[in-house]
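The values are calculated or read from the model by the stated rules, or taken from the named source; none is laboratory data. It should be emphasised that the depicted structure is a prediction, and the values quoted were computed from it without experimental measurement. Note: ideal-geometry Cβ built from the backbone for every residue, glycine included; neighbour counts use all protein chains shown.
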Amino acid sequence: MNESITISMSGKMTSLSSTYFPAINVNENSEIALLCLHTYNMFPNVNETNNNIRIITPGHNLDIKLPFGCYEIEDITQYISNQIHEDNERLNEIDHTMIYTPIDFNMHTDTTCMKCVISCNYPVDFAIKNSLASLLGFQNKIYGKDGSSSFRSSKNIDINAVNSIKVLCNVANGSFDNGQQSHSIYEFFPRERSGAKIVESPTNLIYYQLNTQVLNTININLVDQENNPIHNFNEKITVVLHIRRCIS
């Protein structure tokens with residue numbers, strides 16, 4: 001009978017599974033805790049539901065679609081600015097004599113109130129399908145129709161679609177989520193910037209009771225605050241667990 005076991009699981013998905021043969025036998029009153037979790041902050045916040053923005057100019061509309069990915073506000077601004085630059089260059093190549101004022105666009109965060117501020121010399125359309133409006137805190141409408149060239153979001157920026165990451169383990173009991181029993185053994189929010197290494201090593205381990213004495217399969221799933229599976233661009237994830245006989 002095993003008194004103390006360390007189990008390491010790795011993969012490139014936020015769903016990990018290990019099968020043991022022969023099965024691992026543990027004491028009746030054994031418990032489990034997360035020792036550490038290593039991965040990268042590559043949890044996407046822009047997808048096909050919130051990746052469009054349109055700039056309305058005389059004669060044509062510039063539709064910009066951000067690729068599926070993990071963005072900071074600066075990244076979104078840079079991508080939009082690059083697309084605008086390419087469009088300005090394209091129009092200039094078509095007709096050098098064209099009487100056309102190039103698009104002048106800028107976007108930043110007002111850190112005093114966490115609102116998004118956009119400056120643009122043409123109207124910006126957030127009424128289109130799957131727009132960036134909700135992520136940036138804007139309403140689903142066209143801004144700048146009244147001639148204004150600067151507009152501030154009415155809501156705070158919601159750049160982090162993932163508010164909390166839960167580590168679920170199928171053999172653990174003892175946690176609750178909104179009044180319902182859960183298999184969660186750890187919960188955290190990435191402090192690191194997008195793309196940076198995540199190293200979660202709890203200072204004070206919290207142990208949860210095992211719901212079995214025979215470990216045939218251990219499943220680990222990373223989910224968000226709504227218990228939806230989290231994507232991670234196939235970045236490597238390593239989870240280390242500790243199983244011990246209950247001390248008390």
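Would you check which residues across the range 150-209 are touching a helix residue (DSSP H, G or I) at 6+ places or on another chain (Cβ under 7 Å) and of a type outside the set (A, V, I, L, M, F, W, C) and list them?
Matches in the range 150-209: S153, D158.
Please determine whether any residue of the range 209-227 is closer than 30 Å to H108 by Cα, out of contact with any strand residue (DSSP E or B) (no Cβ under 9 Å at 6 or more places or on another chain) and touching a residue at least 40 places away in the same chain (Cβ under 8 Å).
no
Can you report the number of residues in the range 85-111 which are modelled with pLDDT under 90 and among the hydrophobic types (A, V, I, L, M, F, W, C)?
Residues that pass the stated criteria total 4.
Listed residues S17, S4, S8; which is surrounded by 13 or more Cβ atoms within 10 Å (Cβ to Cβ), of a type outside the set (V, I, T) and on the phi < 0 side of the Ramachandran plot?
S17
So how many residues does the range 52-70 have that are part of a loop (DSSP other than H, G, I, E, B) and within 28 Å of R193 (Cα to Cα)?
Of the residues in that region, 4 qualify.
Starting from the range 159-185, take each residue that is under 16 Å from S17 (Cα atoms) and outside the structural domain of Q213 (by TED's automatic domain parsing) and list its partners that are among the basic types (K, R) and assigned to a loop (DSSP other than H, G, I, E, B), counting only C-beta distances under 7 angstrom and pairs at least six apart or across chains.
No pair meets every condition.
Please verify whether V199 is under 19 Å from T6 (Cβ atoms) and surrounded by fewer than 14 Cβ atoms within 10 Å (Cβ to Cβ), treating the condition exactly as stated.
yes
Quick check on this structure: which one of M13, M9 is among the aliphatic types (A, V, I, L, M), touching a residue at least 40 places away in the same chain (Cβ under 8 Å) and in a loop (DSSP other than H, G, I, E, B)?
Answer to the check: M13.
Out of L66, L35, I need the residue that is among the hydrophobic types (A, V, I, L, M, F, W, C) and assigned by TED's automatic domain parsing to the domain that holds Y207. Which one?
None of the other options fit; the residue is L35.
Give the range 116-130 a look and list any residue that's of a type in the set (A, V, I, L, M) and crowded, with 21+ Cβ neighbours inside 10 Å, or say none.
Scanning the range 116-130 gives I118, V124.
Hey, any hits in the range 38-48 for a residue that's aliphatic (A, V, I, L, M) and under 14 Å from the mean Cα position of the chain (by Cα)?
yes
Are there any pairs with C-beta distances below 6 angstrom linking a residue in the range 138-151 that is among the basic types (K, R) to a residue that is modelled with pLDDT of 95 or more and surrounded by 15 or more Cβ atoms within 10 Å (Cβ to Cβ), with the two at least 6 apart or on different chains, and if so which?
Between residues of the range 138-151 that are among the basic types (K, R) and residues that are modelled with pLDDT of 95 or more and surrounded by 15 or more Cβ atoms within 10 Å (Cβ to Cβ), the close pairs are K145/P123.
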